[in-house]
Amino acid sequence: MTKLFTHQLRVRYSECDQQNVVFNGHYLFYYDVAMTELWRETTEGYESMVKSGTDVVVAEARIRYLQGARYDELIDIEMPITRLGTTSMIVRPRFKVGERLIAEGEVRHVFTDTVTGGKKEMPDAIRAAFRPYASTDE
């Protein structure tokens, strides 16, 4: 059974636009916060991986906006990992307020060598840490 990591945050007033909803650009920031927390829960830490010579970068991001979240609402960010490839992984975040789906997307991360910047295989320890959260493993 695949685990689903969810991180919750509260919308702050400064994150809302003139239409009184969360400004669209904040959703990728929210995603990044949730990804950091997923990393913290599942691995020995991002810094440890970087020190060992591997980094991870966002290669592609897409968000589809369905409704606007408003000031002081709690947003649950569900983080299903839908692919663990050789050098990349895909997460399809879902942003919800209660049962209302606010936004959804897809983010592709690529593992890189910290010295050359080129693609690098996902470290075995990272793959093992994320495997329980992944629906596919290639």
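Got at least one residue in segment 87-100 being assigned to a loop (DSSP other than H, G, I, E, B) and among the hydroxyl-bearing types (Ser, Thr, Tyr)? Let's see the steps before the verdict.
Quick first cut of segment 87-100, residues assigned to a loop (DSSP other than H, G, I, E, B) only: 87, 92-93, 98-99.
Filter again for among the hydroxyl-bearing types (Ser, Thr, Tyr), leaving 87.
Yes, the conditions are met somewhere in segment 87-100.
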Report task. Filter segment 86-138 down to residues that are open to solvent by 50 Å² or more (accessible area, probe 1.4 Å), of a type in the set (Gly, Ala, Ser) and in contact with a Ser or Thr (Cβ under 8 Å, 6 or more places away or on another chain) and give me whichever is farthest from Glu44 (Cα to Cα). Result -> Ser135
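So in segment 19-74, with the set limited to residues that are open to solvent by 70 Å² or more (accessible area, probe 1.4 Å) and touching a helix residue (DSSP H, G or I) at 6+ places or on another chain (Cβ under 6 Å), which one is modelled with the highest pLDDT? So that I can check it myself, show each step before the final result.
Residues of segment 19-74 that are open to solvent by 70 Å² or more (accessible area, probe 1.4 Å), as a first pass: 19-20, 23-24, 28-29, 32, 40-41, 44, 46-47, 51-52, 58, 60, 62, 64-67, 70-72.
So of that shortlist, the ones also touching a helix residue (DSSP H, G or I) at 6+ places or on another chain (Cβ under 6 Å) come out as 46, 71.
Values: Tyr46: 87, Tyr71: 97.
The qualifying residue modelled with the highest pLDDT is Tyr71.
Among the listed residues Ala61, Ala34, Ala103, Ala69, which satisfies the condition of being assigned to a loop (DSSP other than H, G, I, E, B) and touching a Phe, Trp or Tyr at 6+ places or on another chain (Cβ under 9 Å)?
Numbers: Ala61 fails: assigned to a loop (DSSP other than H, G, I, E, B); Ala34 fails: assigned to a loop (DSSP other than H, G, I, E, B); Ala103 fails: assigned to a loop (DSSP other than H, G, I, E, B).
So the residue among Ala61, Ala34, Ala103, Ala69 that is assigned to a loop (DSSP other than H, G, I, E, B) and touching a Phe, Trp or Tyr at 6+ places or on another chain (Cβ under 9 Å) is Ala69.
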Requested in this report: Report, by residue number, each residue of segment 75-103 that is under 13 Å from Tyr65 (Cα atoms), under 10 Å from the mean Cα position of the chain (by Cα) and touching a residue at least 40 places away in the same chain (Cβ under 8 Å).
Outcome: Pro93
Report summary line: Result of the Cβ filter at 9 Å on segment 1-20, keeping first residues that are closer than 23 Å to Arg40 by Cα and partners that are polar (S, T, N, Q), at least 6 apart or interchain, is Thr2/Ser135; Phe5/Thr42; His7/Thr36
Query raised in the report: Which residues, taken from segment 1-18, are assigned to a strand (DSSP E or B) and open to solvent by 60 Å² or more (accessible area, probe 1.4 Å)?
Result: Thr6, Gln8, Arg10
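The values are calculated or read from the model by the stated rules, or taken from the named source; none is laboratory data. Small disclaimer: the values here were computed from a predicted structure and weren't measured. Reconstructed Cβ throughout: ideal geometry from the backbone, glycine too, with neighbour counts over all protein chains shown. Please note that ligands, DNA and RNA were not included when accessible areas were found on the heavy atoms of the full protein model with its side chains. Shrake-Rupley method; radii C 1.70, N 1.55, O 1.52, S 1.80 Å.
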